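*Asks:* Please read through the structure below; I'll follow up with questions.
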Amino acid sequence: MITQEILDELKNHDVQGAFRIPVAEEFPAIADTYAETIDEPMDFRTIEEERLPNYQSINELQNDLKLVFINCIRFNRNNSPLSSLARDLLTRLDDIFRDVCKRKSILLPRRW
């Protein structure tokens, strides 16, 4: 499935595993502060286990992945290493989508 391959590609780029599980689970000490700051938490495991089977379009995956990275930037502020990683992956997201689709011979719409 193309959505799984895109997620797997992003997991490969997340060498630190920063986005693999929910923040509140990974760092229980900051769970309350995180919940107060972030309205809709998102992470790779939640996408894979809860959301991936229900997507109706590839854009839904793209939106959830953007949310992962935007949440990280918002919570950690701009000067943290995690924010830098999130910004990098957010910037590369469209290219990753294109590359995986190209490998699978899936044509993307002109306006992506």
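The values are calculated or read from the model by the stated rules, or taken from the named source; none is laboratory data. None of these values were measured; they are calculated from a predicted model. Here the Cβ is made from the backbone with ideal geometry for all residues, glycine too, and neighbour counts use every protein chain on show. Each accessible area value is taken on the protein alone, full model and side chains, heavy atoms only, with ligands, DNA and RNA left out. Shrake-Rupley method; radii C 1.70, N 1.55, O 1.52, S 1.80 Å.
*Asks:* Report whether or not residue 97 is among the aromatic types (Phe, Trp, Tyr) and modelled with pLDDT under 95.
*Replies:* Criteria met by residue 97.
*Asks:* Given the criterion in a helix (DSSP H, G or I) and either open to solvent by 70 Å² or more (accessible area, probe 1.4 Å) or free of Cβ contacts under 8 Å to residues at least 24 places away in the same chain (or both), identify the matching residue among 39, 64.
*Replies:* Going through 39, 64 in turn, the sole match is 64.
*Asks:* Further, regarding this structure: What is the number of the single condition among (1) of a type outside the set (Gly, Ala, Ser); (2) under 19 Å from residue 15 (Cα atoms); (3) part of a loop (DSSP other than H, G, I, E, B); (4) touching a residue at least 40 places away in the same chain (Cβ under 8 Å) that residue 106 does not meet?
*Replies:* If we test residue 106 against (1) of a type outside the set (Gly, Ala, Ser); (2) under 19 Å from residue 15 (Cα atoms); (3) part of a loop (DSSP other than H, G, I, E, B); (4) touching a residue at least 40 places away in the same chain (Cβ under 8 Å), just (2) comes out false.
*Asks:* Looking at this structure, is residue 99 touching a residue at least 24 places away in the same chain (Cβ under 8 Å) and open to solvent by 70 Å² or more (accessible area, probe 1.4 Å)?
*Replies:* The answer is yes for residue 99.
*Asks:* Moving on. Give me the residue from segment 1-36 that is among the β-branched types (Val, Ile, Thr) and not in a helix (DSSP H, G or I) and, out of that set, surrounded by the most Cβ atoms within 10 Å (Cβ to Cβ).
*Replies:* In this case the residue turns out to be 21.
*Asks:* Restricting the search to segment 71-94, which residues are crowded, with 17+ Cβ neighbours inside 10 Å and over 15 Å from residue 14 (Cβ atoms)?
*Replies:* 75
*Asks:* When you scan segment 42-61, how many residues do you find that are out of contact with any Ser or Thr (no Cβ under 7 Å at 6 or more places or on another chain) and not in a helix (DSSP H, G or I)?
*Replies:* 4
*Asks:* If I ask for residues that are closer than 23 Å to residue 17 by Cβ and of a type in the set (A, V, I, L, M), which ones from segment 45-66 would you list?
*Replies:* 47, 52, 61, 65
*Asks:* Taking the conditions exactly as written (of a type outside the set (D, E, K, R), touching a helix residue (DSSP H, G or I) at 6+ places or on another chain (Cβ under 6 Å), outside any helix (DSSP H, G or I) and at pLDDT below 95), does residue 82 satisfy them or not?
*Replies:* In short, no.
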